[in-house]
Amino acid sequence: MPAPKSWFKPDHKYPSIVKPLLPLIFAGSIIGGVVAGMAYPLFFESAAEITFPVSEGISGAAITFATTITYFVALFIFGLVGSHWTTLVSLSFGVVGTILILFLKITFNRSEVEEQEKAKEQKLSSSTYQNSSVENETIFETFKE
């Protein structure tokens, strides 16, 4: 099933390797949306780890705000450069974003604090167990005599 004729200008040569078929457009949109959507939980979790003393809600809101601003800027730039340059502009956004991520220092502050608390709890429970076992041995010795 080809795309509707109303989507194309008459007598215009489209420089494309793949003929724009409607199922191909749908499949590409669905796959692109799923792949792009899978990254969001990773970004939110990384932001919560990096900004640990700050609430997760604040770091999540900051990511959502930055994403919205980025989309607005991208649409504005796409409108300025025209349809012939959108692929190149998209590629440059991806390259710039990848370079910026390389300079990101990720520290797992929240995980470290959780592990320290868990170690304290285990130490406390093991010392309580040892104390109770010494008390049990004392009581057993008393009854043994």
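The values are calculated or read from the model by the stated rules, or taken from the named source; none is laboratory data. Note that the coordinates shown come from a computational prediction; the quantities given were computed from them, not determined experimentally. We place every Cβ from the backbone using ideal geometry, glycine too, and count neighbours over all the protein chains shown. Heads up: the accessible areas ignore ligands, DNA and RNA and are worked out on the full protein's heavy atoms, side chains in. Shrake-Rupley method; radii C 1.70, N 1.55, O 1.52, S 1.80 Å.
A few notes on this one:
- Checking each residue in the stretch 22-39 for being open to solvent by less than 70 Å² (accessible area, probe 1.4 Å) and modelled with pLDDT under 85 picks out Leu22, Ile25, Ala36, Gly37, Ala39.
- Residues in the stretch 113-139 that are open to solvent by less than 80 Å² (accessible area, probe 1.4 Å) and modelled with pLDDT of 80 or more: Val113, Ala119.
- Given (1) free of Cβ contacts under 8 Å to residues at least 40 places away in the same chain; (2) closer than 30 Å to Arg110 by Cβ, index of the condition Pro23 fails: (2)
- Counting the residues of the stretch 43-67 that are open to solvent by 80 Å² or more (accessible area, probe 1.4 Å) and of a type outside the set (A, V, I, L, M, F, W, C) gives 3.
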